[in-house]
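See below for the structure under consideration.
Please treat every number below as a calculation from the coordinates, not as lab data. If you're wondering where the values come from, they're calculated on a predicted model, not measured in any experiment. Quick reminder, even Gly has a Cβ in these numbers, built from the backbone with ideal geometry, and neighbours come from all protein chains shown.
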Amino acid sequence: MSPESPDTAMLDALIARIEVTDPTVAQAAREHQDRLTKPRGSLGQLEDVSVRLAALAAVVPAPVPATPAVAVFVGDHGVHAQGVSPWPREVTGQMVANFLAGGAVVNALARQVGATVRVVDVGMSPEAAAVVAAAPGLDRRSVRAGTGDITVEPAMSRAEALAAIAAGAAVAEGLLAEGHDLLVTGDMGIANTTPSAALVAALLGADPAAVTGRGTGIDDATLAHKVDVVSRAVGRATADGVTADDPLGVLAAVGGVEHAATVGYLLAAAAAQVPVVLDGVIACSSALVAARLAPAARAAMFAGHRSVEPGASAALAALDLVPLLDLGMRLGEGSGGVLAVPVIQAAARVLAEVATFDGAGVTDKTAGQE
Ligand SMILES: O=C(O)c1ccc[n+]([C@@H]2O[C@H](COP(=O)([O-])O)[C@@H](O)[C@H]2O)c1
Ligand SMILES: Cc1cc2nc[nH]c2cc1C
């Protein structure tokens with residue numbers, strides 16, 4: 001098996017397990033939602049979430065998720081050398097130590113909503129890894145020590161992308177086996193908003209200037225440079241013969257190891273018919289890859305929030321997913337996804353518990369007055 005055409009059997013099997021949802025279940029959920037004691041449509045997006053949850057679980061109402069978990073996939077990026085982020089690479093490792101100590105934002109938000117935090121090294125650089133050399137609690141599944149600089153070489157080989165997808169899928173399957181019934185994506189990787197923008201630009205054929213943002217915070221001149229870096233990365237991948245109809249090729253060419261792991265995580269959640277909440281631009285760009293690999297996987301995806309990063313909104317629009325929260329957040333770590341957990345739980349609980357007009361003896365509105 002050559003590195004250019006590695007064995008895709010694992011990915012093929014994972015994709016084959018993802019079933020298309022039954023539209024009659026969605027219809028039944030919508031009809032039940034319409035019988036609840038409230039004006040039809042009055043719960044807005046919550047109603048759509050409840051219908052999508054039921055369709056995913058293939059049962060009306062869907063079970064109310066009770067044990068959420070967030071996986072924070074960690075990786076570093078060769079493109080950091082191009083000066084696209086104001087932060088040094090060792091911050092990736094320092095934040096991993098912070099996650100493991102329970103001191104990061106995602107830890108506080110996870111405690112708020114009762115979610116478990118799993119921290120997974122899939123691609124830390126040696127600088128970052130040195131900081132957490134002896135960190136108990138870190139799930140070590142490193143596929144490579146940071147990606148290549150995507151302006152001059154592929155981020156990783158296809159075989160490495162497949163290995164990271166397998167790692168992410170295994171993390172999801174492990175969390176599900178532990179009883180978690182709602183998964184959230186998380187990420188940590190200094191410079192990873194650059195490959196995120198490159199993935200969105202390459203997969204959507206979008207103008208890099210329209211999908212590249214300020215990440216952790218850069219000035220106008222650095223943003224203009226970052227747009228050029230994204231353009232060069234996409235141009236290099238194209239020159240290498242990578243096309244938008246080859247999602248694995250695009251992922252390997254201009255993505256990141258944490259993106260690849262997130263793809264596997266999303267696909268495994270979809271295969272298990274378990275909802276998975278997307279956080280920010282890293283998750284949204286990974287979701288684009290996952291949906292290109294397996295269109296049916298979209299049914300399991302819920303957009304937790306609208307990240308400030310423009311690539312996130314572009315990806316969500318392409319996926320036809322509406323973000324649940326819009327708080328001007330741009331942190332990553334899974335923070336915005338975790339915050340959306342109670343909204344998703346609430347949507348399921350409403351469909352499961354609210355009385356119907358018939359059941360509660362409440363008079364429905366007069367027919368024909370839509
Ligand atoms: O989730 C987002 O949309 C998001 C937006 C901006 C920054 N981040 C986080 O910040 C880091 C990447 O930012 P940068 O500027 O170094 O590319 C990485 O650790 C991400 O988790 C995340
Ligand atoms: C401090 C810090 C925390 C983060 N969390 C996710 N990405 C981050 C980037 C930085 C720089």
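Per residue, the convex hull spanned by the Cα atoms of segment 214-298 measures out at 87 cubic angstrom. Legend: Rg and Dmax of segment 225-370, from Cα coordinates, 19.2, 67 Å. Across segment 1-148, the volume of the C-alpha convex hull divided among the residues equals 192 Å³ per residue.
Of all DSSP bridge pairs formed entirely within the chain, close to 5 percent run antiparallel. Membrane-span-like helices of the chain, defined as complete DSSP H segments with a Cα extent of 20 Å or more along the helix axis and a mean Kyte hydropathy of at least -1.0, are identified as 158-177, 220-239, 257-271. A cut-off of 5 Å between modelled amide H atoms, ignoring neighbours fewer than 5 places along the same chain, links residue 187 with 73, 333, 334.
The packing ranking of peptides 360-367, 238-245, 6-13, 348-355, highest mean first, is 348-355, 6-13, 238-245, 360-367, where packing means the average number of other beta carbon atoms within 10 angstrom of each residue. According to the Cα-based calculation, Rg over Rh for the chain is 1.00, with Rh computed by the Kirkwood formula.
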